[in-house]
Every structure is written in structure tokens, then in C-alpha cells.
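K.L.:
The structure follows.
We did not get these values from a lab; they are worked out from the coordinates using the rules stated. Note that the coordinates shown come from a computational prediction; the quantities given were computed from them, not determined experimentally. No Cβ is skipped: glycine too gets one built from the backbone with ideal geometry, and neighbour counts run over all protein chains shown.
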Amino acid sequence: NAGVTQTPKFRVLKTGQSMTLLCAQDMNHEYMYWYRQDPGMGLRLIHYSVGEGTTAKGEVPDGYNVSRLKKQNFLLGLESAAPSQTSVYFCAISRRRRNITDTQYFGPGTRLTVL
Amino acid sequence: DAKTTQPPSMDCAEGRAANLPCNHSTISGNEYVYWYRQIHSQGPQYIIHGLKNNETNEMASLIITEDRKSSTLILPHATLRDTAVYYCIVRPYFGNEKLTFGTGTRLTIIP
């Protein structure tokens, strides 16, 4: 997980509350991603960004917003948290090498519980 | 992206080679095979990837069949710290979007 940090590590919210998860990287990678992982399941992509100021939807974007104002930071926001958003959230980064797919490296995760 | 099929669980004795199979019969010519693992809810860790040739790095070896419809990840001398869920993923050569994680293989290394 070197080079990718996530803040906070744990959080408990009440239904309807809002919060922002921060992913920060010091590897100067262009691409950043937010995934969620529910118990016993694989990761699912929420949103991703191919560069500063650009974001795109993944496969499960509803209920989340993202922003990439600085290259090194990718923010994931929950405007009105719901119990269905209880999950572990992982950030990932990868380089851009022309058009060639590159390896994604993951952060340590944020464990979110919505009551 | 092509789908993959992996056994849900496997055991391996400590010190022996762990061989994890993956079927990807619908893989297309522009798709790589990637392997990641996840140790006890930590972030997924990249292991290795390949296109059609066998690959080896400090962590593992990847053997891809000639028709590319299946592959095997080999951990040559498994240790207790290799206990994890291992994910086999195929994704296109071009593009940088999602990794599609299935449910993987839960590998348990037995002392």
C-alpha cells in the first residue's frame, strides 16, 4: 500500500449524515479509483479519474460524488449516508502509459458503518 | 471484460508450492491476465500479470496455456503469510478503467 493513503481508517455514521473520504498519493500517478467491497464479495468500482479535474462513473456510482481538484488527491463524498453504503472503501492508483493498461495499486481501505 | 472461474478455496502445506488455477475461456486477444491477493481485508496487492508468455517475478510465477483459456499462479514456497484470497482478473490491453474482481480463491497455508 506504499504511496497511497486513505483517511479516515474507520468511521461510523448515522443515516442521513454526510462525509468525505480522502485518498492521497505521492507517486504522481495520473489515474485514481474508488472501489467498495461488501462482505464476502469482490471489489466494485464506484468512480474513477483519469486526471486532475476529470471524473467518470464506474459500475455503482449512485449515492456518491467525487472530485479531483489536485492530481494527488481524490475525494469520495456521501451526501446522505444510507445503511446500504456500509462497506470497506478502497482507493487505487495507476500510471498512464500511452494507451497501455497499467497495474493498479491499492490503499489500505476505509471501513464505514452507517447505522 | 472476460469472466474468470476459480475454485472457491484451496489448502496448501507450508513450504510446498501453491498452484492456483484460473479459467478464462472467453479471453480475447487484447486482454491481459492479472493476479491480485487480499490478506485479511487489507487493500488488494498486485502479484503478477501476463499476456501470453509465462512470467516470473520475486513473488510468483504465472503460467498461461498456449490457447490462453486458462492460467496457473504458482507460489513456489508457500508461507503462512501467503494465506489470502487470490483474484484472477482479465482486462483489456487498452484502457485504464475498472478491475473486475470475482470472488477469488481463498488459499489457506497449513503449518
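K.L.:
When N is the residue count of the protein assembly as shown, what does its C-alpha Rg come to as a fraction of 2.2 N^0.38 Å?
P.N.:
Working: Rg = 17.7 Å, N = 226, 2.2 N^0.38 = 17.3 Å.
Against the empirical 2.2 N^0.38 Å value, I get 1.03 for the protein assembly as shown.
K.L.:
For chain A, give the magnitude of the charge dipole about the Cα centre (Cβ charges: +1 Lys/Arg, -1 Asp/Glu; no others), in debye to the nearest 20.
P.N.:
My answer is approximately 180 debye.
K.L.:
Evaluate Rg over Rh across region B:1-102, taking Cα atoms for both radii and Kirkwood's formula for Rh.
P.N.:
Numbers: Rg = 13.1 Å, Rh = 13.9 Å.
Result for region B:1-102 is an Rg/Rh of 0.94.
K.L.:
Taking only the alpha carbons of region A:56-115, what extent do you get along each of the three principal axes, in Å, biggest first?
P.N.:
43, 22, 21
K.L.:
Among B:ILE64, B:THR100, B:ILE47, which residue has its Cα positioned farthest towards the positive end of the charge dipole of chain B, with +1 placed on the Cβ of Lys and Arg, -1 on the Cβ of Asp and Glu, and the dipole taken about the Cα centre?
P.N.:
Result: B:THR100, furthest along the dipole toward the positive end.
K.L.:
Quick check on region A:20-83: what are the equivalent-ellipsoid semi-axes from the Cα gyration tensor, as sqrt(5λ), descending, whole Å?
P.N.:
Gyration-tensor ellipsoid for region A:20-83: 20, 13, 11 Å.
K.L.:
Need one value for B:36-49: mean number of C-beta atoms belonging to other chains within 10 Å of its residues' C-beta atoms.
P.N.:
Mean number of neighbouring Cβ atoms from other chains: 5.
K.L.:
With 20 Å as the cut-off, how large is the P(r) tail for chain A, expressed as percent of Cα-Cα pairs?
P.N.:
Working: 2306 of 6555 pairs.
Pairs farther apart than 20 Å: 35 percent.
K.L.:
Please check: in the Gaussian network model of chain B (C-alpha springs, under 10 Å), which one of B:LEU62, B:LEU99, B:LEU51 has the largest mean-square fluctuation.
P.N.:
B:LEU99
K.L.:
Calculate the FRET efficiency for B:SER28 and A:THR54 from the Cβ-Cβ distance with a Förster distance of 35 Å, rounded to the nearest 0.05.
P.N.:
The formula returns an efficiency of 0.80 here.
K.L.:
Let me ask something additional. Comparing A:GLY58, A:GLY77, A:GLY16, which has the greatest mean-square fluctuation in the GNM of chain A with Cα pairs linked when under 10 Å apart?
P.N.:
Taking springs between Cα atoms under 10 Å, the residue moving most is A:GLY16.
K.L.:
Using a Gaussian network model on chain A with a 10 Å cutoff between Cα atoms, which of A:THR55, A:THR20, A:THR103 fluctuates the most?
P.N.:
For chain A, modelled as a Gaussian network with Cα springs under 10 Å, the answer is A:THR103.
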